[in-house]
Each structure stands twice: as structure tokens, then as C-alpha cells.
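Notes follow once the structure below has been shown.
Just so it is clear, none of the values below were taken in a lab; they were calculated from the coordinates. This is a predicted model, so every value here is computed, not measured.
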Amino acid sequence: MQEKKLKIIGRLERINFPEWDLFDIDAKIDTGAYTSSLHCHHIEPFSKEGRSYVRFNLLDPSHETYNEKLFELPVHATKNIKSSNGTTEQRYIIKTAIRLLDKEFKAELSLADRSEMRYPVLLGRKFINKRFVVDVSKKYLSDNN
């Protein structure tokens, strides 16, 4: 059986969210985190046609690609997630497409206030696993494609 050759990514990469027309967003690749997360604010759950939804704004007004657009997406799941400071919080998980290395992947992202973090997106092991190998000595390898 031939093993699939995994693509190499660096500890930081620029990713695209094609379904949202958001491009060149900095993402930290974090093999210590299981779940990927996305920086949002004004996160508000609501119900639509008997289904759980969440509405939110992506990024911060200070981010160069911020556009005040309000997103409304179905909630894929809710999950208790331990943040880097050790506190556990319940977060909404949404699904969307991420484009990296000229390929599109479905991803699950927890919605979080990452305003204290340097990068608005964190890609964890669930996204990385069986797709990529991380070279922590490199950054922005996807820019070379």
C-alpha cells in the first residue's frame, strides 16, 4: 500500500475562506491544539426554522480585511474547549471551506474571541492530520505556490 505524500506547511500560513470572499488571512498552525478556531466578535446564537444558528462578525475592526459583514451560519456543534490560558469555555463550531496550498478543504472552526492573540485563525490537529506535515522552522510556505 502506497503512503500518501503529505504537503509541508510552516508554523504560519496565509489561508483563504472562499465561501466568505476573505483572502490572505494569517493562520497559526498549532499541533498542540486539537480544534481549529476563528476570531470573531458579537457571537450570538439564534434559532431559524427549528435549527440552531450563530451570527457573528469576523475579525476586528482594526484588521485590514474587516468589512463589518454579519455572518449567519448553522451551528455544527457546541463543544467545551480549553483555551491556552487554561480556562474552559463552551464554543460554537461551524463548518466552512479553507483554501491552502491551492486546495480546498472542509474545516470545523470554533468561534472565539482571539483579540488577545496575534493571529486571527488557529489551525489545530484535526485540520492538519493526514493532510500536512508542519516544519516549525518555516513560515508562509503556501506563498511559494
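Rounded to two decimals, the Cα-based Rg/Rh of the stretch 6-46, with Kirkwood Rh, is 1.03.
Beyond 19 Å between alpha-carbons counts as too far, so tell me which of Lys7/Lys79; Lys79/Lys130; Lys106/Lys126 fall in that bin.
Lys7/Lys79; Lys79/Lys130
Against the empirical curve 2.2 N^0.38 Å, the C-alpha radius of gyration of the stretch 81-145 lands at a ratio of 1.25. When the chain is treated as a Gaussian network with alpha carbon springs shorter than 10 Å, the biggest mean-square fluctuation among Leu109, Leu122, Leu70 belongs to Leu70.
Amide H contacts for His76 (H built 1.01 Å from N in the peptide plane; partners 5 or more residues away or on another chain; cut-off under 5 Å): Ile93, Ile94, Lys95.
So what's Rg/Rh here for the chain, counting alpha carbon atoms and using the Kirkwood radius for Rh?
Reported Rg/Rh, Kirkwood definition of Rh: 0.97.
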